[in-house]
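Taking it in order: structure first as structure tokens, then the write-up.
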Amino acid sequence: MNLIQSVENQHVKDNIPDFGPGDIVRVNTRIREGQKERIQAYEGTVIRRAHSGTRASFTVRRVAFGTGSERTFPLHSPNIESISVVRYGAVRRAKLYYLRNRTGRSARVKEERR
């Protein structure tokens, strides 16, 4: 193992659940507002996972009050408190960008039993 990999392995989190595109996850993030810090949950469908190691990231899409929003999280960020899988989705693609153009029932992903 070279020096770069050994330094990166010190910052890799080990309490991350196994999730992928199509899964509905709840990401609890630390939010700083001045001197105060609080935890805020962001729940939605994972539409992509990218990269590996310390550079890994994932994008979550949620629809609230008819408006869709997406947020990309670094997987091993110290600002992420926890990640929990609410529901596993059965999809056959790695990137679910087609969900951006869909609304209502057609935007739902079939559930996978595990």
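Observations, loosely collected:
- Residue 37, sole failed condition from (1) surrounded by 11 or more Cβ atoms within 10 Å (Cβ to Cβ); (2) at pLDDT 95 or above: (1)
- Given (1) at pLDDT 90 or above; (2) within 18 Å of residue 29 (Cα to Cα), index of the condition residue 92 fails: (2)
- Looking across segment 5-34, the residues that are among the basic types (Lys, Arg) and surrounded by 11 or more Cβ atoms within 10 Å (Cβ to Cβ) come down to 13, 26, 30.
- Just one of the listed residues (18, 14) is within 18 Å of residue 89 (Cα to Cα) and either modelled with pLDDT under 95 or of a type in the set (Asp, Glu) (or both), namely 18.
- Residue in segment 96-110 that is loosely packed, with under 11 Cβ neighbours inside 10 Å and basic (Lys, Arg) present: yes
- Among residues of segment 63-73 being at pLDDT 95 or above and surrounded by 12 or more Cβ atoms within 10 Å (Cβ to Cβ), the one that is nearest to residue 12 (Cα to Cα) is 73.
- The set of residues in segment 52-68 being farther than 14 Å from residue 24 by Cα and over 13 Å from the mean Cα position of the chain (by Cα) consists of 52, 53, 54, 55, 64, 65, 66, 67, 68.
- Test: residue in segment 10-18 that is of a type in the set (Lys, Arg) and either closer than 18 Å to residue 109 by Cα or part of a strand (DSSP E or B) (or both): no
- Elements of type strands (runs of 3 or more DSSP E) contained in segment 32-114, each with 1 or more residues being touching an Asp or Glu at 6+ places or on another chain (Cβ under 6 Å): 36-50, 57-64, 80-87
The values are calculated or read from the model by the stated rules, or taken from the named source; none is laboratory data. Since the model is a prediction, treat every value here as computed from it, not as a measurement. Note: ideal-geometry Cβ built from the backbone for every residue, glycine included; neighbour counts use all protein chains shown.
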